[in-house]
1. Take the alpha carbon atoms of region 24-86, find their center, do the same for region 135-172, and report the distance between the two centers in whole angstrom.
2. Find how much the distance from Ala141 to Lys54 grows on full extension, using 0.36 nm per residue of separation minus their present alpha carbon separation; answer in nm with one decimal.
3. Name the residues whose placed amide hydrogens come within less than 5 Å of the amide hydrogen of Val58, ignoring near sequence neighbours (fewer than 5 apart) on the same chain.
4. Rounded to the nearest 10 Å², what accessible area does Ile147 have for a 1.4 Å probe in the complete protein model?
5. Report P(r) for region 1-129: all Cα-Cα distances, bin width 5 Å, range 0 to the bin holding the largest distance, values in whole percent.
6. So, for the chain, what is the accessible surface per residue at a probe of 1.4 Å, expressed in square angstrom?
7. Which residue, Trp192, Trp102, Trp22, tops the fluctuation ranking in a GNM of the chain built on C-alpha contacts under 10 Å?
8. With a cut-off of at most 15 other beta carbons within 10 Å, and DSSP calling the residue loop, which trypsin sites (Lys or Arg not before Pro) in region 18-74 qualify? Please list them.
Amino acid sequence: MSITLYTLCGRDISRPFSPHCWKTVLSLAHKGLDFEERPLAFTAIPGIENGFSKTVPVLRDGDRLVKDSFEIAVYLDEAYPDQPSLFNGEGGKALSRFVESWSQTQLHPAIVRIALLDIHDMLDDQDQAYFRESRTKALGAALEEVIAEREAEIAAFPARLEPIRKMLGRQPFLGGEGPLFADYIVFGALQWSRVASGVDLFAAKDPVRDWFERCLDLHGAKGRSVTAA
């Protein structure tokens, strides 16, 4: 049964950058599953799979279609129970829900204020027009206004990582001795910034940097298949 993963890219299809898609890329690698990745422009997404989703990632596994990175992870654990688990039980799933909420409320907004124009510049003309209009509407300000405090956001970012910095002082991964989906959630956010802007968001001698490097090396260095900006 063949697996296809639809992801997000800009002008260069070899540089998929979506944090949510990176979660799923590592989830599939964690499960040891072969898949075909199909990177798409923003404006191409509504045309896939008969309009199944307005966003990616979208996973096709044979006749099954699943959207949303978290729901895909749940599906993979249920569909492939003999492969390494992404949650290690209901407790790990609940913990991952918390980590996702933390990442999307604390890390994602800051990365938007850092990398918004970098993402815009990765896109082709049609997608740039869509991105500028949709993000200006969603954020209530022009892109240039949103990133006005970019340098201050970069300087403040290491403090946002303090909760996991303390945790990583005790164990190599958020999942313990090995990675779980919770790791891939935070990795996806930081990989988004790495691919789009290449800005260093870590403190000096930071355990989070060491963890991120370990995540880049996971599963045959899947995270390093795309270089930093």
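1. Answer, in whole Å: 27.
2. Values: separation 87, 0.36 × 87 = 31.32 nm, distance 2.30 nm.
Gain on stretching Ala141 to Lys54: 29.0 nm.
3. Sorted by chain and number, the residues that satisfy this are Tyr6.
4. Here the accessible area works out near 30 Å².
5. Taking every Cα pair in region 1-129, the percentages come to 2, 10, 19, 21, 19, 16, 9, 4, 1, 0.
6. Values: 10670 Å² over 229 residues.
Ligands and nucleic acids excluded, the result is 47 Å² per residue.
7. Comparing Trp192, Trp102, Trp22 in the GNM, the peak value goes to Trp102.
8. Numbers: sites: Lys23, Lys31, Lys54, Arg60, Arg64, Lys67; in loops: Lys31, Lys54.
For trypsin sites (Lys or Arg not before Pro) across region 18-74 that sit outside H, G, I, E and B with at most 15 neighbouring Cβ atoms in 10 Å, the list reads Lys54.
The values are calculated or read from the model by the stated rules, or taken from the named source; none is laboratory data. As the structure is a prediction and not an experimental result, all values here were calculated from the model. Counting neighbours? That spans all protein chains shown, and the Cβs are built from the backbone with ideal geometry, glycine included. These area figures cover heavy atoms from the full protein model, side chains too; ligands, DNA and RNA do not enter into them. Shrake-Rupley method; radii C 1.70, N 1.55, O 1.52, S 1.80 Å.
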